[in-house]
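These notes concern the structure reproduced below.
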Amino acid sequence: MESFVSSLPQIPVFDGHNDFLLRLLKDPARREAIWSGADGRGQIDLPRAKAGNFAGGFFAIYTPSPMSGDLAQMFAAMDNPPYCLDLPPMMPMTEAVDVALAETGHLMWLERKGDLQICRTSAQIRAAMAAGKIAAILHMEGAEAISPDLDSLYVWHAAGLRSLGPVWSRPTVFGHGVPFAYPSSPDTGDGLTMAGKDLIRECNALRIMIDLSHLNEKGFDDVARLSDAPLVATHSNAHVVTPSARNLTDRQLTQIRETGGMVGLNYATQFLRPDGMRGDCGWDEMMRHLDHLLSILGEDHIGLGSDFDGADIPSCLGDVSGLPRLLQAMLDHGFGEDLVKKIAHENWLGLLERTWGA
């Protein structure tokens, strides 16, 4: 096994999205065991991150919805398309703030442990990577913890927030997300609210990256009209390959390319498989999405957006330690080494420099 692993590409991977902080939120008393790898579960921990050459990425602050309905029935629906799952109701800000503070506290605890650095600039990301530390971006997936008057946006920015998605599928005071639906267009409702439009303008002023993943089509178009920054979807795939509401149409991909933006490939199987099911899939499905994204976005505007610890992912990848196998699959598929390096990390670093400045 040692010789096999060492023969795989030793290329750093910078990732567009993970939900590791949610794992710590759910079991805070065991965070030491979770991070050290003694827990033995989930998709990210420090030893496996090192084994996978995981250089860093966007660590999501995410507030889970209180469960309404039977989880097994929801999963069963996603195993038997077509489906359209009801969205949870809007989350009260007071609840979201408590969760967001707790998850941010966990990320700051990881920084204090010494193997991770919260990065607020592109230069800090490059320095952390050069020092062998995981370069973490504080990202908010769903802006429920932001007050409509936007005063708290400045508080979160001061705490290190550098990336924000206005919604995680369920509605917020800022806009509307897409349901988990297959087959479905992402054109599923109204666009941004007036508060949402103000949020986009203030994010531009603060150079907070705006994440379009989970946002519906009208909201996407509102951001495209309002924003002066590159358009970015941190963890979304090609709608023409898998017609899920969560995936991006060719028109949206073209708009992203025209602004110098980025799309990160999502590893969730229901967004990879052409049939929209949660069951396992392999490298072929991932390469099919990458091929289509490349055909529209070009080589400089595509990266990886795993959704580690937030999704069921292909067993051939398994967890963060499997990233070298993914890069090898790209090489075997015919991607040159220079292109693989762009997808693995270079494009994300370039996008952040275009968004935040050097």
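If Lys and Arg each add +1 and Asp and Glu each add -1, what is the summed charge of the other residues whose beta carbon sits under 12 Å from the beta carbon of residue 149? Mind dumping the intermediate values first?
Numbers: positive: none; negative: 151, 198, 202.
Taking every Cβ under 12 Å from that of residue 149, the sum is -3.
How large is the accessible surface per residue of the chain, computed with a 1.4 Å probe and reported in Å² as a whole number? Don't skip to the answer; put the middle values down first.
On the way: 13370 Å² over 358 residues.
Accessible area per residue: 37 Å².
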Under the helix-only model (-39500 (n - 2.57) for each DSSP H run of 4 or more, divided by the residues of the chain), the mean residue ellipticity at 222 nm, to 500 deg cm²/dmol, is -12000 deg cm²/dmol
For the chain, percent of DSSP beta bridges that are antiparallel (nearest 5) comes out at 10 percent
Scalar couplings 3J(HN,Hα) for the stretch 256-262 by Karplus 6.51 cos²θ - 1.76 cosθ + 1.60 (θ = phi - 60°), nearest whole Hz, x for Gly and Pro, are 4, 4, 5, 9, x, x, 8
Projected onto their principal axes, the Cα atoms of the chain stretch, largest extent first, over whole-Å spans of 56, 43, 42
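Residue 127: net charge of surrounding residues, Cβ under 13 Å, Lys/Arg +1, Asp/Glu -1, itself excluded?
Details: positive: 120, 126, 133; negative: none.
For residues surrounding residue 127, the net value is +3.
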For residue 58 the rounded accessible area (nearest 10 Å², probe 1.4 Å, non-protein molecules ignored) is 0 Å²
With the stretch 44-192 reduced to its Cα atoms and the Debye formula applied, log10 I(q)/I(0) at q = 0.09 1/Å amounts to -0.37
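If r is the Cβ-Cβ distance from residue 204 to residue 7 and R0 is 56 Å, what FRET efficiency results, to the nearest 0.05? Let's see the in-between values first.
Working: r = 45 Å, r/R0 = 0.80.
Using R0 = 56 Å, I get an efficiency of 0.80.
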For residue 133, the accessible surface traced by a 1.4 Å probe with all protein chains present amounts, in square angstrom to the nearest 10, to 80 Å²
The answer for residue 136, listing residues at least 5 apart or on another chain whose modeled amide H is closer than 5 Å to its amide H, is 57, 117, 118, 119
With all protein chains present, the stretch 200-358 has a carbon and sulfur share of its accessible area (1.4 Å probe) in percent of 44 percent
With the label point 7 Å along the Cα-to-beta-carbon line of residue 76 and a cut-off under 16 Å to each amide N, the hits in the stretch 265-295 are 278
Excluding residues fewer than 8 positions from residue 113 in its own chain, the lysines with Cα under 16 Å of it are 50, 133
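Above 13 angstrom, tally the Cα pairs of the stretch 240-284 and express them as a % of all pairs, no decimals.
On the way: 572 of 990 pairs.
It works out to 58 percent of all Cα pairs.
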Once Lys and Arg are counted +1 and Asp and Glu -1 for all other residues with Cβ under 12 Å from that of residue 180, the total becomes +2
The ³J(HN,Hα) series, computed from each phi in the stretch 206-212 with the Karplus coefficients 6.51, -1.76 and 1.60 at θ = phi - 60°, rounded to the nearest Hz and given as x for glycine or proline, is 8, 6, 8, 5, 9, 9, 8
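Could you give the size of the charge dipole of the stretch 119-192 about its Cα centre, using +1 on the Cβ of each K and R and -1 on the Cβ of each D and E, expressed in debye and rounded to the nearest 20? Present the calculation step by step, with values, prior to reporting the outcome.
On the way: 5 positive and 6 negative charges, 110 e Å.
Using only the charged Cβ atoms, the result is roughly 520 debye.
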Per principal axis, largest first, the Cα atoms of the stretch 142-204 extend in Å by 41, 22, 18
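If I compute solvent accessible area with a 1.4 Å probe over the protein chains, what percent of it on the stretch 122-188 is carbon and sulfur?
That fraction is 60 percent.
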Rounded to the nearest 10 Å², the accessible area of residue 134 using a 1.4 Å probe with every protein chain kept is 10 Å²
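The values are calculated or read from the model by the stated rules, or taken from the named source; none is laboratory data. This is a predicted model, so every value here is computed, not measured. Positions of Cβ are generated from backbone atoms using ideal geometry, with glycine treated the same way; all protein chains shown enter the neighbour counts. What goes into the accessible areas is simple: the full protein's heavy atoms, side chains included, and nothing from ligands, DNA or RNA. Shrake-Rupley method; radii C 1.70, N 1.55, O 1.52, S 1.80 Å.
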